[in-house]
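Asker: What follows is a single structure, and I will ask about it in a moment.
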Amino acid sequence: MNVLIVEDRASDYQKLEEILSLDEEQNLPTEEKTYCLFRATSLNEAKTKIADNPAGFFSLGIIDIKLDENDSGNREGLKVAKIILNSGNRAFPVVMVTNLFDVKEYAVEAEKIGVELKYFLNKRMLRENPHVFLDRINDAVNKGRRKK
């Protein structure tokens, strides 16, 4: 399953990669792994990865809201989610991750563009309870499959 991860912070990407890399698959070629990860670090990189691949290529997007830590008002991840969810036959499920979980406006904005609140996750969950995170990931993927 191809997963687009839009995350600017290397340490957060590595944590996602660690959670999604199953121990028994460590020595398999990339194409044989359960999750094949594709990283974008910005809005423009994400647009390019989406455009350069055929409809149905990605099964899931895991997207950070803030893609520039030096810009306090940055919400480019929400723009990426909107592009994905409004792309017709190229659409795929989206899970939003953020350290800004206490900022209600981000959750409201994500919900307005089509991200269910149960797929709006705090990055702390990645560190403290990766199994719950994986359950949400699998739920989003399964829901996306049922829609097709």
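Asker: Tell me, in nm to one decimal, what length is gained between Asn2 and Lys47 on full extension, where the rule is 0.36 nm per residue of separation less the Cα-Cα distance?
Answerer: Values: separation 45, 0.36 × 45 = 16.20 nm, distance 1.57 nm.
My answer for the length gained is 14.6 nm.
Asker: Return the FRET efficiency for the residue pair Asp68, Arg124: r is the Cβ-Cβ distance, R0 is 25 Å, and the value is rounded to the nearest 0.05.
Answerer: Efficiency for this residue pair is about 0.75.
Asker: In addition: Give me, ordered by chain and number, the residues 5 or more places off Val6 or on other chains with an amide H under 5 Å from its own placed amide H.
Answerer: Residues meeting the amide H criterion: Ala40, Ile62, Ile63, Asp64.
Asker: Rg and Dmax of the chain, using alpha carbons, in Å: what are they?
Answerer: Gyration radius and largest Cα-Cα distance of the chain: 14.3, 42 Å.
Asker: When DSSP beta bridges are limited to those with both residues in the chain, what percentage is antiparallel, rounded to the nearest 5?
Answerer: On the way: 0 of 17 bridges.
Among the beta bridges of the chain, antiparallel pairing accounts for roughly 0 percent.
Asker: Within the set Lys49/Lys104; Lys79/Lys112; Lys79/Lys118; Lys66/Lys104; Lys47/Lys118, which residue pairs have Cα atoms separated by over 22 Å?
Answerer: Values: Lys49/Lys104 29 Å; Lys79/Lys112 12 Å; Lys79/Lys118 19 Å; Lys66/Lys104 14 Å; Lys47/Lys118 25 Å.
Violating the 22 Å limit, Cα to Cα: Lys49/Lys104; Lys47/Lys118.
Asker: Among Phe58, Phe38, Phe92, which one shows the highest mean-square fluctuation when the chain is modelled as a Gaussian network with alpha-carbon springs under 10 Å?
Answerer: Judging by the Gaussian network model, the answer is Phe38.
Asker: Could I ask something else about it? Averaging sequence separations of C-alpha pairs under 8 Å and six or more residues apart, then dividing by the length of the chain, give the relative contact order as a whole percent. Write out the running numbers ahead of the final one.
Answerer: Values: 215 pairs, mean separation 33.5, N = 148.
For the chain, the relative contact order is 23 percent.
Asker: Might you report the magnitude of the Cβ-based charge dipole of the stretch 2-147 about its Cα centre, with Lys and Arg at +1 and Asp and Glu at -1, to the nearest 20 debye?
Answerer: On the way: 22 positive and 25 negative charges, 135 e Å.
Magnitude of the dipole: close to 640 debye.
Asker: If you don't mind, another one. Using a Gaussian network for the chain with springs between C-alpha atoms less than 10 Å apart, which of these wobbles most: Glu111, Glu128, Glu18?
Answerer: Largest GNM mean-square fluctuation: Glu128.
Asker: Sticking with this structure for a sec: Return the calculated 222 nm mean residue ellipticity for the chain, to the nearest 500 deg cm²/dmol, obtained by summing -39500 (n - 2.57) across DSSP H runs with n ≥ 4 and dividing by the residue count.
Answerer: Values: 6 runs with 63 residues, N = 148.
After summing the helix terms and dividing by the residues of the chain, the value is -12500 deg cm²/dmol.
A short reminder: the numbers here are calculations on the coordinates, not readings from a lab. Since we're looking at a predicted model, the values are computed, not measured. Neighbour counts are summed over all protein chains in view; Cβ atoms, including those assigned to glycine, are modelled from backbone coordinates with ideal geometry.
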